[in-house]
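The values are calculated or read from the model by the stated rules, or taken from the named source; none is laboratory data. Small disclaimer: the values here were computed from a predicted structure and weren't measured. Here the Cβ positions follow ideal geometry from the backbone for every residue, glycine too, while neighbour counts run over all protein chains shown.
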Amino acid sequence: MSKFELKLPKMGESVAEATITSWLKEVGETIEMDEAIVEIATDKVDSEVPSEVEGVLVERFFEVDEVVGVGQVIAVIETNGEVDVAGETKEEVVESIPEDLPTVASVKAKTEEMNVSAQELNSPSGKFFSPLVKNIAKTEGISLEELESIKGSGKDQRITKNDILAYIEGGKKKTVSSDVSNGIVPEVKEQPAAPKIVTAAPALNDEIIEMSRMGKLISKHMVDSLRTSAHVQSFVEVDVTNVVRWREKVKDEFLKKEGEKITFTPIFMEAIAKSIRDYPMMNISVDGDRVLKHKDINLGMAAALEDGNLIVPVIKRADQLNLVGMTKAVNDLAKRSRAGKLNPDDVQGGTFTVTNVGSFGSIMGTPIINQPQVGILALGAIRKIPAVIETAEGDLIGIRHKMILSHSYDHRVVNGALGSMFAKRVGEYLEAWDINTSF
């Protein structure tokens, strides 16, 4: 018999921790190789953690709704044979903790200290802070002394992400002098309170509906984006008659040959990727006073979920895909989004986002930027409308298929000329579509 430590795997760049949402196996149950043991949620996507071995689940170190850091041990599986385990068993970990580390009350806390830097994540008093909490505190200018003063709602009064966000948004943050470390109690200065949020009081017959976890995250991301970026919009009307006629002509042959349905989305994504290549300063992010110019063009594609929420999977290096490759990428991500089968890495690394408001009947929209990107393009509904057609013999009135592109961009770094020219370039690629294009 040997014991295998199941650790929270790396789930993509910038993801430091996850929340346990559901245990799929109880202690004492048999587990097969690659069988899912626990469901987790990050601020990007829900996922499952499979077992790397077969055996019996003998220990679980976290409860539902607790936060786990990447690399932390979440469970122990007892196996029949020898397993190649990176590190020691749980008992060995406890015995090998140096005496100079702060005393903790449980094996879980000791495991946390072995998987992260005690110097970075623990205060002088021995209080544990997760990487996410530390990052938020650093960004908001909250000192370690001030962080220790926040009352935590987690296990053992641990400070959760919601605790520190509530502390910040509640206008309770105080300026604490570094003299505290020298035993001098400074004058505490209250910062201006945040604007009071007006809330509705339910009437007698009103139904109260709790927001879902993802709904709360989306709500926060939208508000944070508006607080961060100077949003401005440009709108372009595009004649997509040739695109509509071409798709109608080839859709049956495309399905037969490639085994994929071709929608308008991959055609639009291809035009957007080409336009970003023409205007690379739309493929940037803001980092304080610096601008990060991205080499890869990674297009986020907003996809609707059954509960009405949206998720944004990413097509990596979209400008390097031909139309067939783009179609397969779009269909795969859309299918896995609806089925809840996206991996954390599928929603990481986007550099520009596209959302299709036309699928809900809207002719245009003013989408909110997906931070830390600087632009998002909304695709409006394709409509048959009367339009002026210029010919060598004169102008005519005809029926054309048209749509409106709505481009929201961050006016801190993208001026009106660039934002407008980019949207116009997308339209030019679509209007120039060759009805005889092969695939």
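Within region 293-318, being polar (S, T, N, Q) and in contact with a helix residue (DSSP H, G or I) (Cβ under 6 Å, 6 or more places away or on another chain) holds for one residue alone: Asn309.
Is it the case, given these coordinates, that Gly69 is surrounded by 15 or more Cβ atoms within 10 Å (Cβ to Cβ) and either acidic (Asp, Glu) or over 17 Å from Asn343 (Cα atoms) (or both)? Can you show your working first?
Details: surrounded by 15 or more Cβ atoms within 10 Å (Cβ to Cβ): yes; either acidic (Asp, Glu) or over 17 Å from Asn343 (Cα atoms) (or both): yes.
When the stated conditions are applied, Gly69 passes them.
Being free of Cβ contacts under 8 Å to residues at least 60 places away in the same chain and either assigned by TED's automatic domain parsing to the domain that holds Pro266 or among the basic types (Lys, Arg) (or both) holds for only one residue in Phe360, Phe422, and it is Phe360. Of the residues in region 151-160, how many are within 16 Å of Glu17 (Cα to Cα) and either at pLDDT 75 or above or buried (at least 18 other Cβ atoms within 10 Å of the Cβ) (or both)? Matching residues across region 151-160 total 3.
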